[in-house]
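**Student:** This is the structure, below, for whatever I ask next.
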Amino acid sequence: MRPGPGTWGSLATVLLWWLLASHLPPVARIPVIVLLIAGVVAIGIPAATLEERGCGKKDPSHVVIDEVAGQLLTLVACPIVWQALLAGFILFRAFDIVKPPPVRSLERLPEGTGIVVDDLGAGVYGLIVLQLLLHFGVVR
């Protein structure tokens with residue numbers, strides 16, 4: 001979707017995770033999201049590689065599986081309440097856009113690896129900041 005396919009991909013990920021996690025017992029949420037991340041990365045790297053080669057563009061914007069992986073990583077251990085999910089969405093998108101060091105350098109990895117891994121880096125930043133905000137009660 002345009003504009004901002006990455007934002008739409010992240011938003012869809014948050015909504016789908018909210019729907020799925022709402023039906024899981026709390027104890028199952030972390031293992032399930034970790035398995036989802038692993039599956040998305042395992043599928044995403046080769047798929048992004050093939051699409052990059054096929055369309056001839058470096059990190060094509062219509063590939064959003066990388067946003068799915070990074071957004072899910074930000075949401076690990078996130079409470080399933082709208083405030084925390086919204087904060088996780090905003091944090092991931094901000095870190096994905098800004099790409100603080102060393103995230104930007106991860107884009108230089110070859111093909112699908114670079115496409116997906118830089119978003120995982122942004123997801124790590126989002127995860128850390130979201131957990132700090134939750135810990136200190138800024139977000140509930």
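**Student:** Relative contact order for the range 26-85: what percent, with Cα pairs under 8 Å and sequence separation of 6 or more?
**Tutor:** Numbers: 30 pairs, mean separation 25.5, N = 60.
Computed over the range 26-85, the figure is 42 percent.
**Student:** From Cα pairs below 8 angstrom and at least 6 apart in sequence, can you work out the relative contact order of the range 23-140, rounded to a whole percent?
**Tutor:** On the way: 148 pairs, mean separation 37.9, N = 118.
The value is 32 percent.
**Student:** Equivalent-ellipsoid semi-axes (√(5λ), Cα gyration tensor) for the chain, whole Å, largest first? Before the final figure, lay out the partial values.
**Tutor:** Numbers: eigenvalues 127, 51, 34 Å².
Equivalent-ellipsoid dimensions as semi-axes: 25, 16, 13 Å.
**Student:** Please order 115, 37 by the number of other Cβ within 10 Å, starting at the fewest. Write down the numbers at each step before the final one.
**Tutor:** Details: 115 26, 37 21.
Lowest to highest Cβ neighbour count: 37, 115.
**Student:** Let me have the 222 nm mean residue ellipticity of the chain computed from DSSP H runs of 4+ only, each contributing -39500 (n - 2.57), with the sum over all residues rounded to the nearest 500. Walk me through the intermediate numbers first.
**Tutor:** Details: 6 runs with 103 residues, N = 140.
Calculated from helices alone, the mean residue ellipticity at 222 nm is -24500 deg cm²/dmol.
**Student:** Enter the Cα centre distance for the pair the range 67-95 and the range 103-140, rounded to the nearest angstrom.
**Tutor:** 10 Å
**Student:** Under 12 Å from the Cβ of residue 78, count the other residues' Cβ atoms, weight Lys and Arg +1, Asp and Glu -1, and hand me the total.
**Tutor:** On the way: positive: 29, 140; negative: none.
Neighbourhood net charge equals +2.
**Student:** How would you rank 67, 52, going from fewest to most other Cβ atoms within 10 Å of each one's own Cβ?
**Tutor:** Values: 67 27, 52 19.
Ascending Cβ contact count within 10 Å gives the list 52, 67.
**Student:** Going by how many other beta carbons lie within 10 Å of each one, how would you line up 51, 107, fewest first?
**Tutor:** Working: 51 18, 107 15.
Ranking 51, 107 by Cβ neighbours within 10 Å, fewest first, gives 107, 51.
**Student:** What size of dipole, in debye to the nearest 20, comes out for the chain about its Cα centre when the only charges are +1 on Lys and Arg C-beta atoms and -1 on Asp and Glu C-beta atoms? Can you show the working numbers first?
**Tutor:** On the way: 10 positive and 10 negative charges, 50 e Å.
With Lys and Arg at +1 and Asp and Glu at -1, about 240 debye.
All of the numbers you see were taken from the coordinates with simple rules; none came from a lab. Since we're looking at a predicted model, the values are computed, not measured. As a convention, Cβ positions derive from the backbone with ideal geometry for all residues, glycine included, and neighbour counts pool all protein chains shown.
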